[in-house]
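The values are calculated or read from the model by the stated rules, or taken from the named source; none is laboratory data. It should be emphasised that the depicted structure is a prediction, and the values quoted were computed from it without experimental measurement. All Cβ positions, even for glycine, are placed from backbone atoms using ideal geometry, and neighbour counts span all protein chains on display.
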């Protein structure tokens, strides 16, 4: 089934097709006499059934529809056009001597966009028709632009995923070879050589993190984030990740403490994806807290939901930059306290994973100093 031709709002009326539907021949002639001198092409139908037939043949830009017609009335015909053509259906202006508010409401509910009262006033009719055709043209251009942007975004995600995937293997090889050299597998190194190897290993590790995050973003933006939910004890999962995160935290004399929980925090979730969220929030807390600080982690129940929270002693989030926090590459002016790197992707990925679990993630500054991140997962 062909879609109706979308008009260009800047184009002249010549060639624009208007379908006039009225069972009285005199009314058809009056409307044609008004519209044709304005450059419009007029197609006439004396019933709703013929109007639907002619519509499929000529794809009009606008329909002038009498309400009282033999057979199905104008309201029913308008609803049928919306059913057949959806958002591409031409706008329908009803022509009627009835102007009660109930009739107006019924016409708008049927999908009509306006009313022209009988007897027709030529200048008013031409002005209304021109306005609605311009609006239709602008909407068509908007849909075209959105479609083009969507295709460009899809191509960008595909390229991003391919580039990141191609970079990952050589980077992993560089990191692995650096580990061999650092650990003396191929023989002893001088202190200067060891320092160089450690620098290579650190740089390749940071690049791998960025590549992995780019792969995650590309997959999520392409709608390929697939969850594998299973019954998981969130408290146990968090406790394991806190233990591992403390190993890195000791390098900054920072301690991550988890508040005890008496009962398991069971929920169906993807443990691997949720582990990624937990690791990112713990890493951020360590990264932005000053050396020697304490970080508090808790898993609790609240209002029928499971809440995982991480409270740090960092500088908090500037109010003017709060809207950047969970966006792709959304860095704030706050900088890591130990010179660590930040891609600006971690929190955006966390948000998308949490939302895929039908949850929410928020950040709130604490009085004085520090910030608390909360992940709320409905049970």
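Just one of the numbered conditions (1) assigned to a helix (DSSP H, G or I); (2) modelled with pLDDT of 80 or more; (3) surrounded by fewer than 16 Cβ atoms within 10 Å (Cβ to Cβ) is not true of residue 242; which one?
Only one criterion in (1) assigned to a helix (DSSP H, G or I); (2) modelled with pLDDT of 80 or more; (3) surrounded by fewer than 16 Cβ atoms within 10 Å (Cβ to Cβ) is unmet by residue 242, namely (3).
Out of all the residues in the range 95-108, is one or more part of a strand (DSSP E or B), surrounded by 15 or more Cβ atoms within 10 Å (Cβ to Cβ) and either assigned by TED's automatic domain parsing to the domain that holds residue 27 or modelled with pLDDT under 90 (or both)? Lay out the reasoning, then the answer.
Step one: list which residues in the range 95-108 are part of a strand (DSSP E or B), which gives 95-96.
Narrowing further to those that are surrounded by 15 or more Cβ atoms within 10 Å (Cβ to Cβ): 95-96.
Going one step further and asking which of them are either assigned by TED's automatic domain parsing to the domain that holds residue 27 or modelled with pLDDT under 90 (or both), we end up with 95-96.
Yes - at least one qualifying residue is present in the range 95-108.
Check 151, 240 and return the single one that is under 27 Å from residue 295 (Cβ atoms) and free of Cβ contacts under 8 Å to residues at least 24 places away in the same chain. First the steps, then the outcome.
Working: 151 fails: under 27 Å from residue 295 (Cβ atoms).
After ruling out the rest, the residue left standing is 240.
Considering (1) loosely packed, with under 15 Cβ neighbours inside 10 Å; (2) farther than 21 Å from residue 352 by Cβ, say which one residue 205 fails and leave the rest.
Tallying (1) loosely packed, with under 15 Cβ neighbours inside 10 Å; (2) farther than 21 Å from residue 352 by Cβ, residue 205 fails exactly one: (1).
Considering only residues that are modelled with pLDDT under 85 and either more than 28 Å from residue 231 (Cα to Cα) or surrounded by 13 or more Cβ atoms within 10 Å (Cβ to Cβ) (or both), which ones fall in the range 249-270? Break it down stepwise before answering.
First pass over the range 249-270, keeping only residues modelled with pLDDT under 85: 261-265.
Once the filter is applied, which keeps residues that are modelled with pLDDT under 85 and either more than 28 Å from residue 231 (Cα to Cα) or surrounded by 13 or more Cβ atoms within 10 Å (Cβ to Cβ) (or both), the range 249-270 yields 261, 264, 265.
How many residues does the range 121-134 hold that are without any contact (Cβ under 8 Å) to a residue 60 or more places away in the chain and assigned to a helix (DSSP H, G or I)? It would help to see each step written out before you state the result.
First pass over the range 121-134, keeping only residues without any contact (Cβ under 8 Å) to a residue 60 or more places away in the chain: 121, 123-124, 127-128, 131.
If we keep only those that are assigned to a helix (DSSP H, G or I) too, we end up with 123-124, 127-128, 131.
Going through the range 121-134 one residue at a time, the tally reaches 5.
Do any residues in the range 284-302 that are at positive phi have Cβ atoms under 9 Å from those of residues that are buried (at least 23 other Cβ atoms within 10 Å of the Cβ), where the two are at least six apart or on different chains, and which pairs are they?
292/254
So which residues in the range 67-81 are part of a helix (DSSP H, G or I) and surrounded by fewer than 16 Cβ atoms within 10 Å (Cβ to Cβ), if there are any at all? Give the steps one after another, and end with the answer.
Residues of the range 67-81 that are part of a helix (DSSP H, G or I), as a first pass: 74-81.
Of everything in the range 67-81, just one residue is part of a helix (DSSP H, G or I) and surrounded by fewer than 16 Cβ atoms within 10 Å (Cβ to Cβ), namely 76.
If I go through the range 197-237 residue by residue, how many of them are within 23 Å of the chain's Cα centre (by Cα) and free of Cβ contacts under 8 Å to residues at least 12 places away in the same chain?
Step one: list which residues in the range 197-237 are within 23 Å of the chain's Cα centre (by Cα), which gives 210-229.
With the extra rule that they be free of Cβ contacts under 8 Å to residues at least 12 places away in the same chain, the set shrinks to 223-224, 226.
Of the residues in that region, 3 qualify.
On the given criteria, is residue 144 modelled with pLDDT of 85 or more, surrounded by 11 or more Cβ atoms within 10 Å (Cβ to Cβ) and in contact with a strand residue (DSSP E or B) (Cβ under 8 Å, 6 or more places away or on another chain)? Let's see the steps before the verdict.
On the way: modelled with pLDDT of 85 or more: yes; surrounded by 11 or more Cβ atoms within 10 Å (Cβ to Cβ): yes; in contact with a strand residue (DSSP E or B) (Cβ under 8 Å, 6 or more places away or on another chain): no.
Here the answer is no, as residue 144 does not meet what is asked.
Kindly list the number of the only condition in (1) surrounded by 20 or more Cβ atoms within 10 Å (Cβ to Cβ); (2) within 19 Å of residue 348 (Cβ to Cβ); (3) in contact with a helix residue (DSSP H, G or I) (Cβ under 6 Å, 6 or more places away or on another chain) that fails for residue 297.
(2)
Does residue 175 count as crowded, with 16+ Cβ neighbours inside 10 Å, over 28 Å from residue 352 (Cα atoms) and either at pLDDT 85 or above or not assigned by TED's automatic domain parsing to the domain that holds residue 327 (or both)? If you could, list the steps in order and put the result at the bottom.
On the way: crowded, with 16+ Cβ neighbours inside 10 Å: yes; over 28 Å from residue 352 (Cα atoms): yes; either at pLDDT 85 or above or not assigned by TED's automatic domain parsing to the domain that holds residue 327 (or both): yes.
Judged against the criteria, residue 175 is a match.
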